[in-house]
Amino acid sequence: MKHDKKLHFSPKEREQFLQLLGDHSAVTILSHIHPDADAIGTSLGIYLLLKKEGYRVEIANATRELPRHLDFLEGFGRIKQKIDYDNSLIITCDCGSLDRLGFDVEGRRIINIDHHPSNTRFGTLNLVRPEAVSSSEVAYRFLEPLFEIPGGSAEAFYAALISDTRYFTTANVSEESFEVARELIARGVEPGSVAQAMLQRRSLASLRVLGRALESLQLYLGGQVAVMIVTREDLEATGARYDDLDGIVDYARSLVTVEVAIMVVERSGSRKVSLRSKGADVMRIAQAFGGGGHTVAAGFETDTLPTRELIERLLEMIKEEGVVTTQ
Ligand SMILES: [Mn+2]
């Protein structure tokens, strides 16, 4: 059966986009703090495109250490940690809420490009499509009728797409995901070299910290919930950086009995929590703690509860909300 899942945008949305571009002499492209490949790939793709079109454009992210495995993407070295342009048009990528930007953009007009259902629609123009598998799919489908997509942009959008779909393995992958990938490949992307650059250049620290996280794994509620804890000591002993933790929680979810996987990363003064499920809604739980995300992949950061209490509270909520079956 063929489902047409191609994203739809109105002529008015494209008109407003071009109008906003025309009204500003400079553009600043941003993405969420602790960016993943979708955040970086989407923002780089738009950056390279607008640059080629002759716009005065800068790209920034408030995070000091960007994911190193994305350094093969064209323009990666251009990502700054600060905004230099005054009164520029802001384009946010893969960012669900303003507080996830890490920059003060008050008073500026914003184009919000995202696919998080929890997105707070903070933009002047909101191009938010929860049905998209990646923010890069939103950006690509929106921009491709308006501009020629340069090879560097195609590669950045493609890297974002394969990362957010965990290499085409997530439940939301459809014929359209492959169609977008196919169109990007037709624009010059080499899938093999992108996959190799993203998957086969891991740091030793990322494997060492994975080992520690797996050792910490505990099962609850009849094996349906897996919890992993990464302590500050784990980070120090392994030398792992924040982006070395990417994907670790997926190992816990992969267990045959597990419906919900939780990873708690202890930071100075706060705890960062990643939630993953095989279908159950964990976004609700993240939102209860002030976070957000997607139905099966969400997260939050909290400084109110110590780790043990936090885990107990999460397990209670998972039971109460009927996220997993209990006897
Ligand atoms: Mn994303």
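Placing a pseudo-label 7 Å from each Cα along the Cα-to-Cβ vector at Gln287 and Ser268 gives an inter-label distance of 3.4 nm.
Our estimate of slack between Arg109 and Phe178, defined as 0.36 nm per intervening residue step minus the Cα-Cα distance, is 21.5 nm. Annotation: amide H-H contacts under 5 Å for Arg56 (H modelled 1.01 Å from N, sequence separation of 5 or more, or interchain): Val27.
Report for the chain the percent antiparallel among DSSP-assigned beta bridges with both residues inside it, nearest 5.
Values: 19 of 43 bridges.
Beta bridges within the chain, antiparallel portion: roughly 45 percent.
Given a Förster radius of 41 Å and the C-beta distance between Asp86 and Thr304 as r, what FRET efficiency does 1/(1 + (r/R0)^6) yield to the nearest 0.05? Display every interim value, and only then the final one.
Working: r = 37 Å, r/R0 = 0.91.
After rounding, the FRET efficiency stands at 0.65.
Note that region 181-188 has calculated 3J(HN,Hα) couplings of 4, 4, 5, 5, 5, 4, 8, x Hz, one per residue in order, obtained from phi through the Karplus relation 6.51 cos²θ - 1.76 cosθ + 1.60 (θ = phi - 60°); glycine and proline are x. The distance separating the Cα centre of region 263-294 from that of region 109-183 comes to 23 Å. In sequence order, region 223-240 has phi-based couplings of x, 7, 10, 10, 10, 10, 10, 10, 8, 5, 5, 4, 5, 5, 5, 9, x, 6 Hz under the Karplus curve 6.51 cos²θ - 1.76 cosθ + 1.60, θ = phi - 60°, and Gly or Pro positions carry x.
Take every pair of alpha-carbon atoms less than 8 Å apart whose residues are at least six positions apart; their mean separation over the length of the chain yields a relative contact order of 13 percent. Length available on full extension from Lys278 to Met317: 0.36 nm per residue minus the Cα-Cα distance, which gives 12.3 nm. The phi-based Karplus calculation (6.51 cos²θ - 1.76 cosθ + 1.60; θ = phi - 60°) puts the 3J(HN,Hα) values of region 99-109 at 6, 8, 7, x, 10, 8, 10, 4, x, 9, 7 Hz, whole numbers, x for Gly and Pro.
Over 32 Å, how big is the tail of the calculated P(r) for the chain, in percent of all Cα pairs? Value for the chain: 28 percent of Cα pairs lie more than 32 Å apart.
Compared with the alpha-carbon gap, the fully stretched path from Lys6 to Arg208 is longer by 68.6 nm at 0.36 nm per residue. Between the residues Leu50, His294, Thr325, the greatest Cα displacement towards the positive end of the dipole of the chain, with unit charges on the Cβ of Lys, Arg, Asp and Glu, is found for Leu50. Relative to the longest principal axis of the C-alpha atoms of the chain, give the angle of the C-alpha long axis of helix 151-164, reported between 0 and 90° and rounded to the nearest 10°. On a 0 to 90 degree scale, this one is about 20.
The lysine pair tally for the chain, using Cα distances under 20 Å and a gap of 8 or more places or different chains, is 4.
All C-alpha pair distances within region 11-199, sorted into 5 Å bins from zero, spread as 1, 9, 18, 23, 22, 16, 7, 3, 0 percent across the bins.
Read-outs throughout are calculated quantities, based only on the coordinates presented, and are distinct from any laboratory measurement. None of these values were measured; they are calculated from a predicted model. Cβ: placed from backbone, ideal geometry, glycine included. Neighbour counts: every protein chain shown.
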